[in-house]
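K.L.:
Submitted below is the structure of interest, expressed as structure tokens.
The values are calculated or read from the model by the stated rules, or taken from the named source; none is laboratory data. Only a predicted model underlies this, so the values are computations on that prediction, with no experimental measurement involved. Ideal geometry is used to build each Cβ from the backbone, glycine not excepted, and the neighbour counts take in all protein chains shown. What goes into the accessible areas is simple: the full protein's heavy atoms, side chains included, and nothing from ligands, DNA or RNA. Shrake-Rupley method; radii C 1.70, N 1.55, O 1.52, S 1.80 Å.
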Amino acid sequence: MALIVQKYGGTSVGSPERIKNVAQRVAKFKMLGHQVVVVVSAMSGETNRLVALAKEVQPNPDLREMDVLLSTGEQVTIALLSMALMELGLKARSYTGAQVKIVTDSAFSKARILDIEEQNMRADLDAGHVVVVAGFQGVDEKGNITTLGRGGSDTTGVALAAALKADECQIYTDVDGVYTTDPRVVSEARRLKTVTFEEMLEMASLGSKVLQIRSVEFAGKYKVKLRVLSSFDDEGEGTLITFEEEDKMEQAIISGIAFNRDEAKITVLGVPDRPGIAYQILGPVGDANIDVDMIIQNVGADGTTDFTFTVHRNEYKKALEVLKGVQAHIGAREITGDDRIAKVSVVGVGMRSHAGIASTMFRTLAEEGINIQMISTSEIKISVVIDEKYLELAVRVLHKAFALDQEA
Ligand code: ADP
Ligand code: ASP
Ligand code: MG
């Protein structure tokens, strides 16, 4: 007997029929004698619908109330799935985040899990119940409802698996695993049988939304056996997230290409080239709770320099306003920006031991006439910022240039 945590995403629970299919799959695991905890997302489109609803009432919605609103999506699904399980003759019980008690900090809309009480779930499992938990939500120490950021049900799944020391965490979604890149953009993308935690972390942080980054962090930290699978196929191994040591041999140099359309870039032109300037620019941005991603500062000429950085596109306007407010203080000549950019990244642990990856990447983009606006690298990834309109072309040609369409 194993303890398995299964997470089903929005598309997988998008209609009553699909919820019944999920119940069938859960029943199959129960019949094999396993204990099952199921984490579900809101039905597909529901979270977006609620976000739009809020914005009609309050253009810049209050974050506490937003979390109260958004958490309702998952509450619908847990009840429906529990009913579907009962219809199959199984014992099932639903839990909201607060009922489990998934304790988080109070950072509404991007809360972090601090603690999970497991007694009630354990007791239910031991009594033969399927435990059905609402993903994406928790409760802070004062009893406020919180949410974990978009895609957060993945993190609920992995965190529950870690807390319960589950034998495996299975993430069921609308693709049958992690691919070399988003299969909806490049039809030649291939499913990876395995991908290392490190690579998955990079891919998730660079825009591959198949797993929320925090779920991968959790899995790495607590050594959760994590697999991504299709909720629509009955067969298939999906993709196992592994520790590098396990499959070091014959590692492909590049494992995947990630991309992100959610960024915008801001350039502060003609700032005095002296100590403290980065702090003067990014300090107020940080104080406004805006996360900064890539940063570039040019070599100074004539005693001045240009400073460019990227932020989430949703925070572009706010960041521009913040900087305009301190422009005179910084002594900057001009502040400009562009919110029509995209970031493309190639990721692979094999990069550590191979030279020439960057030049292949840059040559491939040059051959298509795609201008690179910013570059950043780490040991296992190279990212470039380009004009958003070339994004799909860039991903396709890079996928081919690194032979990702061919079996490694
Ligand atoms: P869910 O609702 O099940 O959480 P998501 O939409 O969050 O599903 O994540 C699955 C989607 O992630 C896929 O439909 C696919 O378009 C996208 N995706 C992006 N990059 C990748 C990748 N490298 N491999 C697989 N899917 C990817
Ligand atoms: N329903 C939330 C979202 O759409 C959480 C999730 O699906 O993981 O982002
Ligand atoms: Mg998701």
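K.L.:
Please give the per residue volume of the convex hull enclosing the alpha carbon atoms of the range 102-149, rounded to a whole number of Å³. Display every interim value, and only then the final one.
P.N.:
Numbers: hull volume 3.0 nm³, N = 48.
Given the Cα convex hull of the range 102-149, per-residue volume reads 63 Å³.
K.L.:
Considering the chain as a Gaussian network with a 10 Å cut-off on Cα pairs, which listed residue, V103, V271, V397, attains the greatest mean-square fluctuation?
P.N.:
Greatest mean-square fluctuation among the candidates belongs to V271.
K.L.:
Let me ask something else. What distance in nm separates the two pseudo spin-label positions at E141 and L63, each 7 Å out from Cα along the beta-carbon direction?
P.N.:
Using points 7 Å along Cα→Cβ, the separation is 1.8 nm.
K.L.:
Can I ask one more? Could you work out the mean projected area of the convex hull around the alpha carbons of the range 151-310, in square nanometres to one decimal? Walk me through the numbers on the way to the answer.
P.N.:
Details: hull surface 51.2 nm².
The number I arrive at for the range 151-310 is 12.8 nm².
K.L.:
Give, as a single signed number, the net charge of other residues whose beta carbon lies under 13 Å from the beta carbon of A159, with Lys and Arg counted +1 and Asp and Glu -1.
P.N.:
For residues surrounding A159, the net value is +1.
K.L.:
How large is the accessible surface of E235 in square angstrom, using a 1.4 angstrom probe and rounding to the nearest 10?
P.N.:
Around 150 Å² of this residue is reachable by solvent.
K.L.:
Once the Cα atoms of the range 263-408 are picked out, what are the Rg and Dmax in Å?
P.N.:
Radius of gyration, then largest Cα-Cα span, for the range 263-408: 17.2, 56 Å.
K.L.:
How long is the range 83-124 along each principal axis, judged by its Cα atoms, biggest number first, in Å?
P.N.:
Principal axes ranked by extent give 40, 22, 10 Å for the Cα atoms.
K.L.:
Which net charge results when you count Lys and Arg as +1 and Asp and Glu as -1 among the other residues whose beta-carbon is under 13 Å from that of G128?
P.N.:
Surrounding charge for G128 is +2.
K.L.:
Please list, or write none, the lysines whose alpha carbon is within less than 19 Å of the alpha carbon of K193, excluding same-chain residues fewer than 8 places away.
P.N.:
Here the lysines satisfying the reach criterion relative to K193 are K209, K223, K225, K248.
K.L.:
Now a separate question. D for the range 88-228, whole µm²/s, Stokes-Einstein with Kirkwood Rh over alpha-carbon pairs at 25 °C and 0.890 mPa s: what number? Intermediate values should be presented prior to the final figure.
P.N.:
Details: Rh = 15.9 Å.
The estimated diffusion coefficient comes to 154 µm²/s.
K.L.:
How large is the Kirkwood hydrodynamic radius of the range 184-267, counting all unique pairs of alpha carbons, in Å?
P.N.:
Taking every pair of different Cα atoms in the range 184-267, averaging 1/r and inverting gives 14.2 Å.
K.L.:
Please work out the C-alpha center-to-center distance from the range 35-70 to the range 372-392 and express it in whole Å.
P.N.:
31 Å
K.L.:
Here's something else I'd like to know. Two decimals is fine: what is log10 I(q)/I(0) at q = 0.16, 0.17, 0.21 Å⁻¹ for the range 1-141, from a Debye sum with one equal scatterer on every Cα and no solvent?
P.N.:
-0.83, -0.91, -1.24
K.L.:
Pulled fully out, how much extra length does the chain show between L88 and R333, if you take 0.36 nm times their separation in residues and subtract their Cα-Cα distance? Don't jump to the answer; show the numbers that get you there.
P.N.:
Details: separation 245, 0.36 × 245 = 88.20 nm, distance 6.86 nm.
Here the answer is 81.3 nm.
K.L.:
I need the per residue convex hull volume for the chain, using only the alpha carbons, in cubic angstrom as a whole number. Could you put the intermediate results ahead of the total?
P.N.:
Numbers: hull volume 63.3 nm³, N = 408.
Per-residue hull volume (Cα only) is 155 Å³.
K.L.:
Could you give the accessible area per residue of the range 250-408, probe 1.4 Å, as a whole number in Å²? Walk me through the numbers on the way to the answer.
P.N.:
Details: 7720 Å² over 159 residues.
It amounts to 49 Å² per residue over the range 250-408.
K.L.:
Ignoring ligands, DNA and RNA, what percent of the 1.4 Å accessible area of the chain is carbon and sulfur?
P.N.:
Values: 9410 of 18850 Å².
Within the chain, the accessible surface is 50 percent carbon and sulfur.
K.L.:
Can you sort S153, S378 by 1.4 Å-probe accessible area, starting with the largest?
P.N.:
If we order S153, S378 from most to least accessible, we get S378, S153.
K.L.:
How big is the range 46-101 by Rg and Dmax over its Cα atoms, in Å?
P.N.:
14.5, 46
K.L.:
Give the relative contact order (percent, whole number) for the chain; include only Cα pairs under 8 Å separated by 6+ residues. Please list the in-between numbers first.
P.N.:
On the way: 871 pairs, mean separation 53.9, N = 408.
Taking the mean separation of contacting Cα pairs over the length of the chain, I get 13 percent.
K.L.:
Determine, at each q value in 0.31 (inverse angstroms), the log₁₀ of I(q)/I(0) that the Debye formula gives when each Cα of the range 351-408 is one equal point scatterer.
P.N.:
Here the Debye-derived log intensity ratios amount to -1.42.
K.L.:
Rounded to the nearest 10 Å², what accessible area does I253 have for a 1.4 Å probe in the complete protein model?
P.N.:
Only protein atoms counted, so the area is about 60 Å².
K.L.:
Quick one: which residues, 5+ away or cross-chain, put their amide H under 5 Å from the amide H of M43? H built at 1.01 Å from N.
P.N.:
Amide H to amide H, under 5 Å and 5 or more residues apart or across chains, M43 pairs with T77.
K.L.:
Just by accessible area at a 1.4 angstrom probe, what is the order of E56, E379, E118, E65 from largest to smallest? Walk me through the intermediate numbers first.
P.N.:
Details: E56 155, E379 125, E118 55, E65 90 Å².
Most to least solvent-accessible, the answer reads E56, E379, E65, E118.
K.L.:
Return the calculated 222 nm mean residue ellipticity for the chain, to the nearest 500 deg cm²/dmol, obtained by summing -39500 (n - 2.57) across DSSP H runs with n ≥ 4 and dividing by the residue count.
P.N.:
-11000 deg cm²/dmol
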